[in-house]
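To start, the structure itself, in structure tokens.
The values are calculated or read from the model by the stated rules, or taken from the named source; none is laboratory data. Since the structure is predicted, the reported quantities are computational estimates derived from the model, not experimental observations. Cβ placement follows ideal geometry from the backbone for every residue including glycine, while neighbour counts extend to all protein chains displayed. We work out accessible area using only protein heavy atoms, side chains counted, and drop any ligands, DNA or RNA first. Shrake-Rupley method; radii C 1.70, N 1.55, O 1.52, S 1.80 Å.
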Amino acid sequence: MNNFKKKNIFTEINKKNSVFITNVCIHFGNRVIDTLIHNPLTYIHNNYKESFELKEVGKIITLDLEVLEHVKSYNTKSPLTIITKTLSKQILKILFFGKFKSFYISKLEINKVYRITGKLQFFSNSFQFIHPINIYSKNNLKKFEDIEPKYNLSRKKINIKKFRELILFNLEILQKFNFPEEWISKKFMNNDWYSFKKSLLLIHNPNKNISKNEIELLRKRLAFDELLANFLVFQKLKKKKKETNKFLITNFINSESIIKDLEFKLTNDQLSAFEDIKKDISSNCRMYRLIQGDVGSGKTIISLLTISDFIKAGFQCVIMVPTEVLAKQHLKYFQTYLSKLNVTIQILTSKTKNKNEIYNGLISNKIQLLIGTHSVYNESIKFKNLGLVVIDEQHKFGVRQRINLIQKSINCHTLIMSATPIPRSLSFALYGEIDVSTIKTKPKNRKAVLTSIISSSKIKDLIEGIRRKIKNNEQVFWVLPIIGEEENDDENETAISRFKYLSKIFKNKVTIIHGRMNKEDIDFNMNSFLEKKKMILVSTTVIEVGVNIPSATLMIIENANRFGLSQLHQLRGRVARGNLQSHCILIHNQNLSENSKKRLVILKNSNDGFEIAEKDLFLRGSGDFFGTNQSGLPKWRFFTPYKDLDFLEKTKINCEEILVKKNLKVCDLLINIFYRKIDFTNFFSP
């Protein structure tokens, strides 16, 4: 084991590949196990054959081909054609377009045989491969794979072939490593499952006769392991919960005073959630509670009431939020209610200039409440007497980020908030059995959003409706899934092109924000919208959470079928923040699938995020849960919510059995396979 622990995945990888190495480390880590717990996206069957048939046109096949002739092109637009024949004398042409024709002439030498994989085409009375997928010389056939796993490396700038070589190299190391005894209980172990080690080996290097069902069994086995590790990591965090609460809160005079002066009445759900919190912080156990509330249900006021009581007792509090916009919004909100109590509040983001002053204020206890982005879990920050950690929109943070903040005061209370409704069947899996309070009821007098579905051909009809909204001093969101490029004026489905279109009609009343803009420009444009200098905000999903503008009453979501249902519900929640009637328009493209229609109809007919989430779970089935861009769930490697509902309860019981037996060796190993550097023994480190 010791040799394995010290093994770096790049020991025998060419040091000249510095860019490749750097990118792998950034996206996966530099442990052997980090790449092996990256589940293949799909598998390509290379279908090795000695000859081909007409019925195989359009399919990927592999042939041993002898090069007969190079037919050079004298026109730069014409392809290089290489004439080859199979072992059974069938003629096949290989075509290469582009600038690197001389490279392929030298790569495919005349009279030599190569194993070549490509999609078989039939054109101009001849069979062809156009730009083959793989080419192997006879001396290099050991690299050929009948079934080739493909990984999701998009946007990671990682060479596909080098990554595959790295996976195979790491599998050799894995072969030498002996795991301890099986951690899955015998009563939960499927008879068709292999061991963890063999499952990893086979899922990355399956034999050519493996079936889809067998691959699914491998994924299932590893999904159980991943979910088990998820339970264990949160149990590790909660293991001190039974110890004496060092931050006992029994005086609630501050929260009672704030409630008394509120200009509105708390809902029954809000009062119930706050009662849960009061019981936690006045008991002998530390609080570790999630407030799960639908959009606009009023979670923030509950955290404010809790914070006010902690500050009254002399403790410091910290709130971590995902965006600077939300941090500033919280600062303004908390100052409104806590200024009367002489509470010192500071904001900390990557743009904060007086950081040293803030650090000193925290260590000296002069700052009682810190609000910030991920900057608040910086190692430089030390609190004098931190009693409460509040994590807002927790689904925007990874497990490691949340743990880093919580560990700043391992004995303090933790309150987590999420506006992403999760079906009851999944809640304990996603939140590690955190105590949960749910707020469903919306504040009194808040009107439900009226939702409509229209085709993109009706966009011009919206303009008059927008004119009426602006004339009534109401503001408009227009959201699109793609940023776009300024030169692509013909693309009318991007944020940039839509901004140009609307600016021609509404002149200087339109502004835009998106992820490629710098923070200064985003802040400036957002503030101009907040201050009503601009009446229409075109954006991507950067406004999905944390934007509270009561005068915004119209949400237009273009290409709505490209978003997940939960994300659409989040976006819709940006309007109806005041007492005015609000509307949401879902615009779909012309070629809408039947399944997409059903999903949009679900959203149109319901304003209950929990109901929407439950229906979406079963409607989408084994597909991408809540859509590919949905960030409301952790990024699981093997666990697929809909497919694996059958063993959630079994995994929970299995976790409890490991802890009861105090099998810390297995516990720490499994945790560190999936969750690295969480202050536990770090197995598999280089």
Check your understanding: Does ILE167 satisfy the condition of being farther than 30 Å from ASP435 by Cα, of a type in the set (A, V, I, L, M), modelled with pLDDT of 85 or more and out of contact with any helix residue (DSSP H, G or I) (no Cβ under 6 Å at 6 or more places or on another chain)?
Key -> no
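Among the residues of the stretch 384-393 satisfying the criterion of being crowded, with 20+ Cβ neighbours inside 10 Å and of a type outside the set (A, V, I, L, M), which is farthest from MET417 (Cα to Cα)?
Out of the qualifying residues, it is GLY387.
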Exercise for review: Only residues in the stretch 43-70 that are touching a residue at least 40 places away in the same chain (Cβ under 8 Å) count as the first member; pair them with residues that are of a type in the set (Asp, Glu), Cβ under 7 angstrom, at least 6 apart or cross-chain, and list the lot.
Suggested key: TYR43/GLU148; ILE44/GLU148; ASN46/GLU145; ASN46/ASP146; ASN46/GLU148; TYR48/ASP146; VAL67/GLU109
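Residues are listed down the side, and each one gets a yes or a no for (1) of a type in the set (Asp, Glu); (2) under 19 Å from LEU415 (Cα atoms); (3) in a strand (DSSP E or B):
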| site | (1), (2), (3) |
| --- | --- |
| LEU304 | no, yes, no |
| CYS317 | no, yes, yes |
| PRO322 | no, yes, no |
| ALA327 | no, yes, no |
| LYS332 | no, no, no |
| GLN335 | no, no, no |
| LYS340 | no, no, no |
| ILE358 | no, no, no |
Review point. Do we have any residue at all in the stretch 284-306 that's open to solvent by 30 Å² or more (accessible area, probe 1.4 Å), closer than 30 Å to ASN525 by Cα and touching an Asp or Glu at 6+ places or on another chain (Cβ under 7 Å)?
Key: no
**Study point:** Of residues in the stretch 242-257 being surrounded by 14 or more Cβ atoms within 10 Å (Cβ to Cβ) and within 17 Å of ASP435 (Cβ to Cβ), the one modelled with the lowest pLDDT
**Key:** ASN245
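Any idea which of LYS279, LYS260, LYS265 is under 19 Å from THR438 (Cα atoms), without any contact (Cβ under 8 Å) to a residue 60 or more places away in the chain, over 27 Å from the mean Cα position of the chain (by Cα) and open to solvent by 10 Å² or more (accessible area, probe 1.4 Å)?
Checking each option against the conditions leaves just LYS279.
Return yes or no: is ASN492 modelled with pLDDT under 85, open to solvent by 70 Å² or more (accessible area, probe 1.4 Å) and not in a helix (DSSP H, G or I)?
Yes; evaluated as a whole, the condition is true for this residue.
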Review point. Residue check: is LEU228 open to solvent by less than 60 Å² (accessible area, probe 1.4 Å) and within 19 Å of ASP644 (Cβ to Cβ)?
Key: yes
Review point. Within the stretch 539-556, restricting attention to residues that are of a type in the set (A, V, I, L, M) and closer than 28 Å to ILE391 by Cα, which residue is modelled with the highest pLDDT?
Key: MET555
Check your understanding: In the stretch 83-93, is there at least one residue being in a strand (DSSP E or B) and modelled with pLDDT under 95?
Key -> no
Review point. When the stretch 648-659 is examined, which residues are found to be surrounded by fewer than 20 Cβ atoms within 10 Å (Cβ to Cβ) and in contact (Cβ under 8 Å) with a residue 40 or more places away in the chain?
Key: LEU648, LYS650, LYS652, ILE653, GLU657, LEU659
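Name every residue in the stretch 328-339 that is farther than 13 Å from SER255 by Cβ, open to solvent by 30 Å² or more (accessible area, probe 1.4 Å) and in contact (Cβ under 8 Å) with a residue 12 or more places away in the chain, in order of residue number.
Listed by number, the residues that qualify are LYS328, GLN329, LEU331, TYR333.
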Point to revise | Every residue from the stretch 19-48 that is part of a loop (DSSP other than H, G, I, E, B) and aromatic (Phe, Trp, Tyr) | key: PHE28
Practice item. Could you tell me whether the stretch 167-184 includes any residue that is more than 30 Å from THR81 (Cα to Cα), open to solvent by 60 Å² or more (accessible area, probe 1.4 Å) and of a type in the set (S, T, N, Q)? Key: yes
Review point. Of the residues GLY578, GLY564, which is within 16 Å of LEU480 (Cα to Cα) and at pLDDT below 85?
Key: GLY564
Practice item. State whether one or more residues within the stretch 195-205 are of a type in the set (Ser, Thr, Tyr), open to solvent by 30 Å² or more (accessible area, probe 1.4 Å), part of a loop (DSSP other than H, G, I, E, B) and out of contact with any helix residue (DSSP H, G or I) (no Cβ under 9 Å at 6 or more places or on another chain). Key: no
Revision key, fill the gap. The residue from THR76, THR81 that alone is surrounded by 15 or more Cβ atoms within 10 Å (Cβ to Cβ), at negative phi and hydroxyl-bearing (Ser, Thr, Tyr) is THR81
**Study point:** Options LYS366, LYS353; residue that is surrounded by fewer than 18 Cβ atoms within 10 Å (Cβ to Cβ), without any contact (Cβ under 8 Å) to a residue 12 or more places away in the chain and either in contact with a Gly (Cβ under 7 Å, 6 or more places away or on another chain) or in a loop (DSSP other than H, G, I, E, B) (or both)
**Key:** LYS353
Check your understanding: Of (1) closer than 23 Å to ILE367 by Cβ; (2) open to solvent by less than 10 Å² (accessible area, probe 1.4 Å), VAL325 satisfies all except one. Which?
Key -> (2)
